[in-house]
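**Q** Encoded as structure tokens, here's the structure I'll be asking about.
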Amino acid sequence: MIRDTAQISVFAWCLLLTIPAKAQFINLQLTIEPEISATVEQPLDFGTQITNSGRTEVQLGDANIGIFKIRAFHTQTLYIDLQYPDVLTINEPGIAAEIPLELNISYNNSGTNSPLTSSPIPSNNGMLSIRENTQLEFDNEIWKEMFIYVYGAIEVGNIPNGVYTGDIILSIDYD
């Protein structure tokens, strides 16, 4: 993913020869921006859990949901794909313990960070427009923002204390 705006300055010097010889200089500067950027606005957080505490949910709209902000050209179509393990595992040698994990994602392409007005993404993947209305309201609004919300549940059973982890990957491709 491209995370920062890249700026490239190009200086072109042109010498035009005529009779009699005269020189003319042109200073040309270009600003190049990436076609898409994604940032983590807030990580998903299930908090500290106690052994045998059962099911803990972070629901859409809760304060602990994961939030991603995607910035892209106003006409772009994005392919969103959330991949995650079925269980979180402990990183202690000789201990085989797991915490079941279920995740869901929703999106809001209105340009506002509002999970309660978001739409679910079935099967945690799909093609989305960065903005429903691709017509520009103003000429300077060529970049639009979309928010992706990650939420779900864990089931904590009779497991040993420790840190349980798993790789959760949100892939964003654009067309």
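**Q** Only residues that are over 17 Å from Q83 (Cα atoms) and at pLDDT 90 or above: list them for the stretch 129-151, please.
**A** E145, M146, F147
**Q** Would you check if D81 is of a type in the set (D, E, K, R) and loosely packed, with under 12 Cβ neighbours inside 10 Å?
**A** So D81 fails the test.
**Q** Within the stretch 65-79, which residues are part of a loop (DSSP other than H, G, I, E, B) and at pLDDT 95 or above?
**A** I65
**Q** Shifting gears a bit: Can you tell which of L30, L17, L60, L44 is in a loop (DSSP other than H, G, I, E, B), at pLDDT below 75, among the hydrophobic types (A, V, I, L, M, F, W, C) and open to solvent by less than 90 Å² (accessible area, probe 1.4 Å)?
**A** Step by step, each of L30, L17, L60, L44 is checked, and only L30 is in a loop (DSSP other than H, G, I, E, B), at pLDDT below 75, among the hydrophobic types (A, V, I, L, M, F, W, C) and open to solvent by less than 90 Å² (accessible area, probe 1.4 Å).
**Q** Does I154 satisfy the criteria of being assigned to a strand (DSSP E or B), over 20 Å from the mean Cα position of the chain (by Cα) and modelled with pLDDT of 90 or more?
**A** So I154 fits the description; yes.
**Q** Return the residues of the stretch 96-118 that are farther than 22 Å from F46 by Cα and more than 15 Å from the chain's Cα centre (by Cα); say none if nothing qualifies.
**A** S110, T117
**Q** Okay, moving on. Return the only residue of I36, I50 being in contact with a strand residue (DSSP E or B) (Cβ under 8 Å, 6 or more places away or on another chain), in contact (Cβ under 8 Å) with a residue 40 or more places away in the chain, hydrophobic (A, V, I, L, M, F, W, C) and over 20 Å from F147 (Cα atoms).
**A** I50
The values are calculated or read from the model by the stated rules, or taken from the named source; none is laboratory data. Predicted model only: the values in this text are computed from it and were never measured. Cβ coordinates were reconstructed from backbone atoms using ideal geometry, including for glycine residues, and neighbour counts include every protein chain displayed. Keep in mind that these areas ignore ligands, DNA and RNA; they rest on the heavy atoms of the full protein, side chains included. Shrake-Rupley method; radii C 1.70, N 1.55, O 1.52, S 1.80 Å.
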